[in-house]
Each structure stands twice: as C-alpha cells, then as structure tokens.
Amino acid sequence: MKAFHKKKILIYLRYYLPGYGSGGPVISILNMVKALSHSYEFYIVCLSNDFGEKKVYKNVSGLSWKNFGGAKVLHLDKYKSPFASSLDIVQKLEPEIVYFNSFLDPFFTFIPLLHYQKKEIKVIIAPRGELTPGALSLTALKKKLYIYIFMKSFILNKITWHASTETELNQISSNIGISPKKIYVAKDIALFDKYQPKFNQSYKEYNKLKIVFLARITPVKNLMYILDVLKFCDSDIVFDIYGAVDEKKYWDQCKKKINSLPKTISVNYFGLISNELVNQTLADYHLFFLPTLGENFGHSIFEALSVGVPVLISDQTLWTKIVNNCNYAAIPLKDQRKYVDFIQHLSKMDNDEFDDLNSHAAKVFNKYISSTNQTTPYNELFS
C-alpha cells in the first residue's frame with residue numbers, strides 16, 4: 001500500500017509561539033495546525049521575539065527548526081533580513097504550499113513573495129482582517145500606496161486568497177481587484193474541545209458591574225470608544241483592561257480620558273496575560289466589551305462566550321447574529337446610546353436574572369459549536 005503523503009505547508013507570520021502577544025493571528029495559526037496536523041506538515045517562519053518585546057525567546061537561538069504546537073518553527077533575528085537569513089534552510093524544505101498570514105507585512109509577505117511568485121508552487125495570502133474599512137482607515141495613505149505597489153509587482157491570478165468570512169471575501173475582491181473565484185472562505189478554527197460553556201463565576205450584585213477589555217491597545221480595537229460610553233453610565237463599575245500596548249500615543253490619549261471618568265468608574269490596567277489564563281480571567285467578569293472597528297475572527301469574543309460571559313461588541317465581526325441570539329448585544333458604532341443602555345440594563349440585574357440570561361446564551365452557543373464544520377473548507381483551500 002502506498003504511504004500517505006502529507007503536503008508541506010510553509011507559513012510566514014511575524015509573531016508566533018512561544019509568545020501570544022500579537023493575539024488573534026497566533027491563535028488562528030495554532031488552531032489550524034492542531035486541527036490539521038494529521039493531514040499536513042506545517043513549517044512556520046517567524047521572529048525570535050514576541051509582539052512588544054525586545055528580548056529573544058529562550059531556547060530558540062540558531063537557524064534550525066524547533067517543535068512548537070505541532071509545527072516545526074524557525075525563529076529569526078529581527079535585526080537581520082528575515083527572508084535573506086532563512087533562504088538557504090527554507091529552500092531545502094521544498095514545500096508544496098506557501099501561506100502568508102498577513103497581506104500588509106512587507107518583511108513577512110511582500111519580500112518573500114517576490115521569490116515564490118517565480119516558482120511553480122501554490123501561494124496563499126490571508127489578510128486576517130487587514131482589508132476591513134476600519135483597518136484601512138488607519139494610516140490610509142500608506143496602505144493605499146502599499147496596495148498599489150503590490151498590484152503592480154505580482155501576477156495576481158497566481159495567488160490564492162484565504163478569507164475568513166463572506167464579508168472578507170468581498171473586501172479582498174474589491175480592494176485588490178481580483179475575481180471572487182480566487183478567494184476561498186474558511187472560517188478560523190476554534191478548538192471547541194478545550195471550551196466547556198458554563199455559568200459566569202462572578203456573583204452579580206444589583207447596580208454593580210465588572211467589565212473586561214482583552215485585546216491589543218490599538219485604535220482598531222477601539223478602547224477609546226469604551227471610555228466615551230462609560231462616562232454616561234451611573235452604576236458602580238469596575239473596568240479592567242488586559243492587553244499589550246500596540247500604540248503608545250493612543251494609550252496615552254486613553255489614560256487622559258480614564259482620568260476624567262466619574263468616581264463611580266474604577267479603571268485598572270493589568271497588561272498582557274498568558275494564553276493559559278485567558279479563560280479563567282474572563283470568567284471573573286460580568287461583561288466582555290469590544291467595540292472593534294473590524295475583526296477577522298475575534299478569538300477573545302469566542303472565548304468570552306465559551307465561559308458564559310455576556311458580550312457587548314460592535315456589528316463589525318462574524319459574531320453579530322450569534323451574540324444577538326444570546327440576548328447579548330452587537331451594536332453599530334453610530335448608536336452609542338444603545339451601548340450605554342445595554343450596560344445600564346445589565347447593571348440593574350440581580351444574580352438570578354444574570355444567571356437566566358447566561359443559561360439561555362449557553363444553549364445558543366452550544367448549538368452553534370455542535371453544528372460547525374471546520375476542517376473541510378481548509379482541505380479545499382489546500383487542495
């Protein structure tokens with residue numbers, strides 16, 4: 001009997017294990033590798049430091065493949081040309097597929113793509129939400145120039161595109177100017193077996209609310225919007241912030257706004273937490289709040305739902321319908337008053353009302369995860 005051949009898939013992304021500082025992109029690739037490693041061999045090229053960190057990971061020195069999360073990983077020095085320093089070792093690999101986990105990254109997409117476009121090899125690019133209107137509105141001129149140069153530099157019909165949703169498919173098609181036939185939709189994989197929906201662990205008192213924000217501190221995650229909403233809330237609120245500071249200037253602006261909030265609003269910043277602590281941390285709150293400008297998947301939203309924490313988000317994610325079916329709230333950003341009203345509504349609940357709300361949501365979420373086919377679209381993408 002002929003031995004089963006596993007295709008070699010080479011993935012380029014700027015940050016990867018053992019760190020989780022860049023959030024969603026790391027989780028997306030880790031889950032994909034874990035779910036599909038029985039069918040494919042994954043090789044990952046990334047930097048030797050985490051997002052927001054200067055120091056190098058321990059035990060990753062030297063240009064050699066090391067095992068992390070079911071894949072072989074090559075960690076590169078950020079002070080050297082990532083592609084040039086890895087070219088010899090990567091060429092020996094001879095992958096059937098090269099997968100870029102970003103579109104707008106010059107060092108981990110554009111430069112290596114110049115090399116691979118000349119080869120008879122399948123090339124896949126996953127923009128990971130970089131082409132949402134909200135994301136493109138930030139440093140818009142710079143991104144428009146990058147897209148223009150990209151379109152002039154590459155043979156676009158030789159590239160396959162990975163969209164996480166139908167909405168992202170349309171965004172890729174309209175911004176890059178390619179046929180939807182070259183775009184495959186495969187939702188980000190969530191490892192449901194590690195999540196057991198259960199009731200929130202935090203006792204709910206009348207007129208009191210514990211709110212959590214867990215995301216990178218950057219304009220696209222819209223922390224400033226939360227602070228603008230909270231100033232209109234009259235309940236006793238504890239608002240805790242977790243996540244790496246992506247843009248210091250933006251964080252400084254947020255801190256000024258924090259200092260102007262009413263005394264009934266207590267704000268705490270805890271920085272980045274390890275991935276292993278995310279679920280138990282979220283479960284200590286009454287509300288997860290993320291009025292994002294746009295998400296490719298929104299792993300933190302999924303994690304909040306999975307541990308029975310009510311969710312308040314914008315309508316710019318794939319979770320809008322599910323969140324609203326849970327009797328939580330996914331609200332257009334233009335309707336700021338509705339955000340205030342939902343927080344006020346939740347704060348006035350006692351513990352019994354709060355448990356009833358979450359009991360209904362757990363049923364909705366369980367139905368969703370039991371009916372989701374995750375791996376078939378990826379097999380089609382990699383065929």
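Just to verify a result, which residue in the stretch 284-308, among those that are assigned to a loop (DSSP other than H, G, I, E, B) and β-branched (Val, Ile, Thr), is farthest from Ile241 (Cα to Cα)?
We begin by selecting, within the stretch 284-308, every residue assigned to a loop (DSSP other than H, G, I, E, B); these are 284-286, 291-298, 307-308.
Cutting the leftovers down to β-branched (Val, Ile, Thr) gives us 292, 307.
Numbers: Thr292: 15, Val307: 18 Å.
Per the stated criteria, the residue is Val307.
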Among the residues of the stretch 224-242, is any of a type in the set (Gly, Ala, Ser), in contact with a Leu (Cβ under 9 Å, 6 or more places away or on another chain) and closer than 24 Å to Asp315 by Cα? no
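Hey, among Leu333, Leu305, which residue is of a type in the set (A, V, I, L, M) and surrounded by fewer than 19 Cβ atoms within 10 Å (Cβ to Cβ)?
Numbers: Leu305 fails: surrounded by fewer than 19 Cβ atoms within 10 Å (Cβ to Cβ).
Unique residue meeting the criteria: Leu333.
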Out of the residues in the stretch 14-47 that are polar (S, T, N, Q) and buried (at least 16 other Cβ atoms within 10 Å of the Cβ), state the one that is nearest to Arg128 (Cα to Cα). Ser28
Return yes or no: is Ser39 under 17 Å from Ser274 (Cα atoms) and in contact with a Lys or Arg (Cβ under 9 Å, 6 or more places away or on another chain)? no
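Can Tyr269 be described as of a type in the set (Ser, Thr, Tyr), farther than 30 Å from His162 by Cα and either buried (at least 17 other Cβ atoms within 10 Å of the Cβ) or in contact with a Phe, Trp or Tyr (Cβ under 6 Å, 6 or more places away or on another chain) (or both)?
Numbers: of a type in the set (Ser, Thr, Tyr): yes; farther than 30 Å from His162 by Cα: yes; either buried (at least 17 other Cβ atoms within 10 Å of the Cβ) or in contact with a Phe, Trp or Tyr (Cβ under 6 Å, 6 or more places away or on another chain) (or both): no.
Considered against the rule, which asks whether it is of a type in the set (Ser, Thr, Tyr), farther than 30 Å from His162 by Cα and either buried (at least 17 other Cβ atoms within 10 Å of the Cβ) or in contact with a Phe, Trp or Tyr (Cβ under 6 Å, 6 or more places away or on another chain) (or both), Tyr269 comes out as no.
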Check the stretch 341-355 and report whether any residue there is surrounded by fewer than 20 Cβ atoms within 10 Å (Cβ to Cβ) and within 20 Å of Thr292 (Cβ to Cβ). yes
Would a scan of the stretch 273-283 turn up a residue that is surrounded by fewer than 19 Cβ atoms within 10 Å (Cβ to Cβ) and under 23 Å from Gly134 (Cβ atoms)? no
With the structure loaded, tell me whether Glu380 is of a type outside the set (Val, Ile, Thr), farther than 30 Å from Ile124 by Cβ and in a helix (DSSP H, G or I) or whether it fails that test. no
Enumerated helices (runs of 4 or more DSSP H) restricted to the stretch 309-377, each holding at least 2 residues that are in contact (Cβ under 8 Å) with a residue 40 or more places away in the chain: 336-347, 351-370
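Conditions (1) over 22 Å from Val123 (Cβ atoms); (2) in contact (Cβ under 8 Å) with a residue 24 or more places away in the chain, marked per residue:
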residue	(1), (2)
Lys158	no, yes
Asn170	no, no
Lys204	yes, yes
Ala215	yes, yes
Asp228	yes, yes
Asp240	yes, yes
Ala244	yes, yes
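All of the numbers you see were taken from the coordinates with simple rules; none came from a lab. Not measured: the values here are computed from a predicted model. Positions of Cβ are generated from backbone atoms using ideal geometry, with glycine treated the same way; all protein chains shown enter the neighbour counts.
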